[in-house]
Amino acid sequence: MGSLDIAKVRAAFPSLRTGYIYADNAGGSQTAQQVIDNITHYLGNTNVQLGASYSVGVQSTQRVTDGSVAASLLFNAASVDEVGYGPSSTMVFENMARALDDDVHPGDEFIITGEHEANNGPWKRLAQRRGAIVKYWRTVAVDEGNLYSFTYKTEDLVSLVSPKTRIVAITACSNILGSIYPIQDIVRALRQRATQVGARKVEVAVDCVAYAPHRRIDVREWDIDYCVFALYKMYGAHNAAFYIRVTALQSSLKSIVHDFLAVNSSQKIQLGGPGYELVHGASGVVSYLLSLTPENNLDATFTAIAQHEQSLLRPLLAFLTDKQQYDRGVRLVGTSTIDLSRVPTVSFVVTGRRTMKSKDIVAEFDKERNIGIRYGHFYAYGLVVNAAPKLDPDDGVVRISLVHYNTVEEVERIVGVLRRVCA
């Protein structure tokens with residue numbers, strides 16, 4: 001398979017021409033020119049209500065349909081009838097949970113993580129409304145030399161499955177730890193356990209917001225029921241795409257739209273759609289991704305992306321984990337593995353006798369005026385607040401999050417600032 005032509009990649013993003021180093025990509029990526037062109041063309045030429053029979057209305061409807069085709073490709077859904085759009089991942093999960101009100105019963109159990117609140121809060125609120133019980137899949141430490149090196153163990157999740165398990169809400173990639181979780185293996189194990197204990201109905205919701213910019217989603221191979229990712233973290237505009245398995249549409253969800261519309265294959269997008277121009281913009285994301293490798297398919301593109309991102313991880317993790325930095329008190333939050341089991345979202349803290357606040361480290365980067373990183377809990381509040389030794393959730397961690405348009409030279413500049421700040 002082909003490798004990335006980084007010059008070509010960077011030329012596709014107008015904002016990269018300034019030389020600014022965007023290293024807060026887990027909070028939102030830059031927007032590809034093809035997406036900008038699609039949105040501009042839609043607003044300039046076909047900005048009318050959908051479904052009309054006149055010529056511009058037909059064109060408008062077709063362009064929004066193109067957006068649904070794009071989403072089905074990005075999810076690898078069986079049909080465009082299983083996908084739709086919403087204003088944000090948080091709102092989409094909230095509306096999914098509200099549509100499940102009538103299919104959740106007192107005593108049902110939900111299993112959630114400490115990851116991004118988008119895939120936690122809606123289930124906690126649903127549990128409160130319906131008298132369900134919330135269980136937590138917690139992280140465990142994996143390195144005695146660094147207690148902030150933690151991850152999730154599949155066996156710990158499986159042990160939480162009971163005859164009353166109804167919803168399992170997990171993430172494909174942590175937006176703080178950078179770890180990728182083997183969703184297919186996890187889902188297979190939890191479904192086997194659910195069958196063994198006689199669980200009535202178990203549905204799995206996967207947050208792919210931190211995963212989608214780096215790896216190919218495959219909802220069919222994973223055998224999941226609900227999935228969401230954010231286009232604005234995947235080189236598109238500020239909206240989110242969602243997948244709902246057709247069986248869930250038919251048997252689990254109720255309508256939360258106008259009372260004369262039913263939740264079915266033609267109306268599920270009513271979970272809270274964004275502007276039509278943003279939906280059309282999603283087809284620009286697919287066009288951009290397909291352009292990156294000669295094979296012109298998403299599998300080849302994401303393979304090339306993953307390989308390039310390994311080259312970004314190596315110098316950054318090598319610096320943060322070397323003995324001098326360890327003795328200084330630098331601790332990686334997450335594992336230090338440099339392989340395809342993680343993405344270049346890298347978080348750390350500085351502890352010990354010469355501890356530094358995360359916000360003070362970021363402030364030093366801000367003085368550079370040409371590098372953007374951030375600190376905080378990044379809405380994975382439960383993950384940060386339950387860390388041991390304890391972390392201040394208001395200060396959180398320093399996070400450097402890179403994607404395929406970043407370069408090794410940019411990483412070396414980031415390391416140069418870190419070397420000065422942590423001296």
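The values are calculated or read from the model by the stated rules, or taken from the named source; none is laboratory data. These numbers were taken from a predicted model, which means no experiment stands behind them. Virtual Cβ from ideal backbone geometry, glycine too; neighbours counted across all protein chains shown. These accessible areas exclude ligands, DNA and RNA; they are computed on the full protein's heavy atoms, side chains included. Shrake-Rupley method; radii C 1.70, N 1.55, O 1.52, S 1.80 Å.
The table below lists the values:
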read-out	value
Subset of the range 249-268 that is surrounded by fewer than 22 Cβ atoms within 10 Å (Cβ to Cβ) and aliphatic (A, V, I, L, M) - its residue that is modelled with the highest pLDDT	249
All positions within the range 335-351 that are open to solvent by less than 10 Å² (accessible area, probe 1.4 Å) and within 17 Å of the chain's Cα centre (by Cα)	342, 343, 344, 345, 346, 347
Residue 405 vs. criteria hydroxyl-bearing (Ser, Thr, Tyr), under 18 Å from the mean Cα position of the chain (by Cα) and open to solvent by 10 Å² or more (accessible area, probe 1.4 Å)	no
Residue 343 being within 30 Å of residue 3 (Cα to Cα), modelled with pLDDT of 95 or more and touching a Pro at 6+ places or on another chain (Cβ under 6 Å)	no
Selection count, the range 152-161, where residues are closer than 14 Å to residue 109 by Cα and either basic (Lys, Arg) or open to solvent by less than 20 Å² (accessible area, probe 1.4 Å) (or both)	2
Residue 379 being open to solvent by 60 Å² or more (accessible area, probe 1.4 Å), among the hydroxyl-bearing types (Ser, Thr, Tyr) and out of contact with any strand residue (DSSP E or B) (no Cβ under 8 Å at 6 or more places or on another chain)	yes
Pair list, Cβ under 6 Å, 6 or more apart: the range 182-203 residue of a type outside the set (Gly, Ala, Ser), other residue open to solvent by 50 Å² or more (accessible area, probe 1.4 Å) and modelled with pLDDT of 95 or more	184/221; 187/223; 197/163
Test result for residue 411, open to solvent by less than 20 Å² (accessible area, probe 1.4 Å), closer than 30 Å to residue 292 by Cα and either among the hydrophobic types (A, V, I, L, M, F, W, C) or assigned to a loop (DSSP other than H, G, I, E, B) (or both)	yes
Test: residue in the range 20-42 that is open to solvent by 60 Å² or more (accessible area, probe 1.4 Å), in contact with a Ser or Thr (Cβ under 8 Å, 6 or more places away or on another chain) and of a type in the set (Gly, Ala, Ser)	no
When residues of the range 284-306 are limited to those that are of a type in the set (S, T, N, Q) and over 20 Å from residue 11 (Cβ atoms), the one modelled with the highest pLDDT	303
Options 368, 364: the member that is modelled with pLDDT of 95 or more and under 30 Å from residue 16 (Cα atoms)	364
Unique residue being farther than 26 Å from residue 152 by Cα, modelled with pLDDT under 95 and more than 18 Å from the chain's Cα centre (by Cα) when the list is 328, 354	354
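Conditions (1) acidic (Asp, Glu); (2) at pLDDT 95 or above; (3) surrounded by 24 or more Cβ atoms within 10 Å (Cβ to Cβ), marked per residue:
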site: 93; (1), (2), (3): no, yes, yes
site: 101; (1), (2), (3): yes, yes, no
site: 120; (1), (2), (3): no, yes, yes
site: 123; (1), (2), (3): no, yes, yes
site: 132; (1), (2), (3): no, yes, no
